[in-house]
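Visitor: One structure, as structure tokens, below. Some questions next.
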Amino acid sequence: KSINDQDLPQNEKFNQKNTPNAGKLMASLRYSGYENKVAISDIVDNSLDAEASVIEVLILGDQKSGEASVVIRDNGGGMDEKTLEQALRLGSITERNVDSDLGRFGMGLVTGSISIARRVEIYTRMEGSPVLVGIMDLDVMEETNSFDIHRDVATSEQEKLARDYGLGTHGTVVVLKNCDQLDCVEIEEFENGLRHRLGEIYRYFIRS
């Protein structure tokens, strides 16, 4: 039976916000059971939804030193400000391509990203539009105990960084930094395993 106003006692007013503790919630979500390769595949799904014809995944740095990064870049349609805002939101609400969507958890890009990394940077541009930047940093969230993110038009320095990461005239680059939860110490071994997993999942898209 659904609850409506007539079912509730007169003294029960559900009008008080119950905001989660940001630091603890984000720390808990890091252990939501996301396997690294599944999390990266879910981010690749976003590139398919953006109708990208080229999607690249790069593993940079050294896991042993704690400085490993994962870069997922595409030449899709890019994101506008509203879509970028949703991409950086827990439980994001965005249009999905039901023919290609393989998302597992329905919690958006954020949950998959933080299961691997402590910092997520998104650089995106639609054709003829400026570069937009969105950043989520778990260290900042823990320090401020808030869900604050950075989202703005890119500065000239950030535009250069976006180009260095491979952003073209349109598309999106997702950079997972401070990857402290890669499930493999050796980068080459992780790359090989990821290549195999992506090949299994997306073989039909690759063939076409």
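Visitor: Any chance you could count how many residues in the stretch 174-205 are in contact (Cβ under 8 Å) with a residue 40 or more places away in the chain and of a type in the set (Ser, Thr, Tyr)?
Guide: So in the stretch 174-205, the residues in contact (Cβ under 8 Å) with a residue 40 or more places away in the chain come out as 174-187, 190-191, 193-194, 197-198, 201-202, 205.
Checking which are of a type in the set (Ser, Thr, Tyr) leaves us with 202.
Adding up the residues that qualify gives 1.
Visitor: Now, a different point. Among the residues of the stretch 146-170 satisfying the criterion of being under 20 Å from Ile55 (Cα atoms) and either in contact with a helix residue (DSSP H, G or I) (Cβ under 8 Å, 6 or more places away or on another chain) or free of Cβ contacts under 8 Å to residues at least 12 places away in the same chain (or both), which is least open to solvent (accessible area, probe 1.4 Å)?
Guide: By that ranking, first place goes to Asp164.
Visitor: If I go through the stretch 169-189 residue by residue, how many of them are in a loop (DSSP other than H, G, I, E, B) and modelled with pLDDT under 95?
Guide: Qualifying residue count for the region: 9.
Visitor: To continue, here is another question. Kindly evaluate Phe205 against the criterion of being in contact with a helix residue (DSSP H, G or I) (Cβ under 9 Å, 6 or more places away or on another chain), open to solvent by less than 30 Å² (accessible area, probe 1.4 Å), modelled with pLDDT under 90 and not in a loop (DSSP other than H, G, I, E, B).
Guide: Criteria not met by Phe205.
Visitor: Would you please list the contacts, defined by Cβ atoms under 6 Å and residues six or more apart or on different chains, that run from a residue in the stretch 67-86 that is closer than 16 Å to Ile135 by Cα and open to solvent by 20 Å² or more (accessible area, probe 1.4 Å) to a residue that is modelled with pLDDT under 95 and among the polar types (S, T, N, Q)?
Guide: Sorted first by the residue in the stretch 67-86, then by its partner, the pairs are Gln86/Ser92; Gln86/Thr94.
Visitor: Going residue by residue through the stretch 171-193, is there one that turns out to be hydroxyl-bearing (Ser, Thr, Tyr) and surrounded by fewer than 20 Cβ atoms within 10 Å (Cβ to Cβ)?
Guide: no
Visitor: A further question on this structure: Of everything in the stretch 108-145, what is open to solvent by 10 Å² or more (accessible area, probe 1.4 Å), assigned to a loop (DSSP other than H, G, I, E, B) and free of Cβ contacts under 8 Å to residues at least 60 places away in the same chain? Give them in sequence order.
Guide: Passing the criteria: Met126, Glu127, Gly128, Ser129, Pro130.
The values are calculated or read from the model by the stated rules, or taken from the named source; none is laboratory data. Values in this document were obtained by computation on a predicted structure and should not be read as measured data. Glycine gets a Cβ as well: all are built from the backbone with ideal geometry, and neighbour counts include every protein chain shown. Only protein heavy atoms, including side chains, enter the accessible area calculation; ligands, DNA and RNA are left aside. Shrake-Rupley method; radii C 1.70, N 1.55, O 1.52, S 1.80 Å.
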